[in-house]
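Shown next, in structure tokens, is the structure this report addresses.
Just so it is clear, none of the values below were taken in a lab; they were calculated from the coordinates. Predicted model, so just to flag it, every value in this text is computed and none were measured. Cβ placement follows ideal geometry from the backbone for every residue including glycine, while neighbour counts extend to all protein chains displayed.
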Amino acid sequence: MDEKRTSASGSSGMSGWKRRAMTIWTGQALSYVSTQTATFVVMWHVTTSTGSAAALSLAGLAGLLPAALLSPIGGVVADRYSRKAVVLIADGGAGLVSLAMALAFAGGVTALPLVIALLAMKATATAFHGPALSAMMPQIVPERHLMGINALDQMLISGSAIAGPVLGALLYSTLGISAALFLDAACAALACFYLASARIPSHARLQIAGLASVRMELREGIACVWHDRGVRMLMLVEMAGMALLMPLGSLEPLMVYSRFGGDSWAASFVEAAFGTGLLLGSGIAMALTGVRRKVSIVLGSGAAMGAALLSCGLLPQNGYAAFVILFGLAGAGMGVYAAPVMPLVQRRIPESHLGRAMGVYSSGVLLASPVGLALAGPAAATVGIAPWFMVCGSLMLAVHLVAFASGGLRALDREAS
């Protein structure tokens, strides 16, 4: 049954939407930190137990591919049902998977196939969580504040990228991997509690016509993205960027371990530096909220990330300190890059189609990452970790510089101004 949407800027006033946003993002902040903690310890376990770029890439694929493939379905679900309920179920499911993983490690079951299977299950929850949360945002936040709230969300992710690896290294070296996973399960429960306590305005839902209509709804979501020239070009550029960037994030622990001879603390400092850069970049993005040329911000920061990653590959074996700094600069570029993207898409898509459109857009971007990871493992094993950083950095720099010539992106920039 269709429901009338209540505007985020309606009678409850500014203080109302700010209170709801604060409640929801308090829970999300806890979840972000614990997820970063759990991800760090699991990836470090894979690094030290296998020493294999292929194993790291496989674990990275398990954490990305299900989300990439299922996000369009998650978008349909977000348009059909209560988006709040979808996020609650997804958060709760991810927490249960972390609990199962914690119990397995506590019981001495640490086989790589089990780790990969559980990572894939968590990624499945993400496929439903991401589109529903993105589509729910305009229900809570007035349109003129969307870039600011996206920047705030990015700052929370950034803060978790700083605290998570450090906390993960501490727990890993003192209490073991299970402690980090138990923490993730507990924080997922807290995130559900905070979201459950917030009142979310309703949205116009799809009429539920059975599974036969899913194909039609998916086509509508694809059409919303693909038939909009500016959104299509933005997605393609971001896909290229993620295909190049994400593999380097997954291979970074091996770069620290094999090239610089670092331990878990050294790897955590690199990730903390990236998180610090993300935080600073997100703050810069908030300061740039009033800037009209938002696509130019995206492309300029993407080119800067490419230059930083290219420089990482040029470092000698005693260049760990410079690697930390450059990875931090790449994080700053990412913080600026991410904040304008979602508002540019959110303002272009009708609210009733937003869940499906965000699912399709997210799927396209996420699918690029497994492709990059699938290539990165064998390529890095063949040419070496450092040369692969150089290749990916160079390509990322070139893609974003060339994209400045895109008429579709320039039009999107003009319409957003």
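For region 211-349, go through all pairs of different Cα atoms, get the mean of 1/r, take its inverse, and jot down that Kirkwood value in Å.
Numbers: mean 1/r = 0.0602 Å⁻¹.
16.6 Å is the Kirkwood radius here.
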Can you pull the one-decimal nm distance between simple spin-label points at residue 325 and residue 110, each 7 Å off the Cα toward Cβ?
3.6
Output the relative contact order of the chain, whole-number percent, from Cα pairs under 8 angstrom with separation of 6+ residues.
29
Mind listing the Cα extents of region 290-417 along all three principal axes, in Å, largest one first?
52, 30, 24
Take every Cα-Cα distance within the chain, group them into 10 Å bins from 0 onward, and report for each bin the whole-number percent of pairs it holds.
5, 22, 34, 26, 10, 1, 0
Expected 222 nm ellipticity per residue - DSSP helices of 4 or more, -39500 (n - 2.57), all of the chain, to 500
-28500 deg cm²/dmol
Spatial extent of region 314-378: Rg and Dmax, with the Cα atoms as the point set, Å
17.2, 54
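State which helices in the chain qualify, where a helix is a whole DSSP H run, it must extend 15 Å or more along its own axis by its Cα atoms, and its mean Kyte-Doolittle hydropathy must be at least 1.6.
Details: long enough: 13-50 (55 Å, 0.05); 53-80 (40 Å, 1.41); 83-106 (34 Å, 1.49); 112-140 (41 Å, 1.22); 146-174 (41 Å, 1.15); 177-196 (29 Å, 1.95); 214-226 (18 Å, 0.43); 229-254 (39 Å, 1.03); 264-287 (34 Å, 1.22); 294-313 (29 Å, 1.40); 320-346 (40 Å, 1.56); 354-383 (42 Å, 1.21); 385-403 (27 Å, 1.90).
TM-like helix candidates: 177-196, 385-403.
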At 7 Å along Cα-to-Cβ for each site, give me the label-to-label distance between residue 48 and residue 175 in nm.
1.7
Relative packing of peptides 392-402, 316-326, 220-230, 117-127 - highest average C-beta neighbours within 10 Å first
117-127, 392-402, 220-230, 316-326
Hand me the tally of lysine pairs in the chain: alpha carbons under 23 angstrom apart, and the pair either on different chains or 8 or more positions apart.
4
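Grab the eigenvalues of the alpha-carbon gyration tensor for region 249-318, scale each by 5, take roots, and send me the semi-axes largest first in whole angstrom. Could the numbers behind the result be given before it?
Values: eigenvalues 173, 41, 12 Å².
For region 249-318, the semi-axes come out at 29, 14, 8 Å.
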If you take the alpha carbon radius of gyration of region 358-417 and divide it by 2.2 N^0.38 Å, what ratio comes out, to two decimals?
1.49
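How big, in percent, is the set of alpha carbon pairs in region 67-184 lying more than 26 Å apart? Can you show the working numbers first?
Details: 2154 of 6903 pairs.
Here the long-distance tail beyond 26 Å is 31 percent of all Cα pairs in region 67-184.
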Under 14 Å from a point 7 Å along the Cα-to-Cβ line of residue 347: which residues of region 213-254 have their amide N that close?
231
Could you give the distance between the Cα centres of region 341-395 and region 232-255, to the whole Å?
5
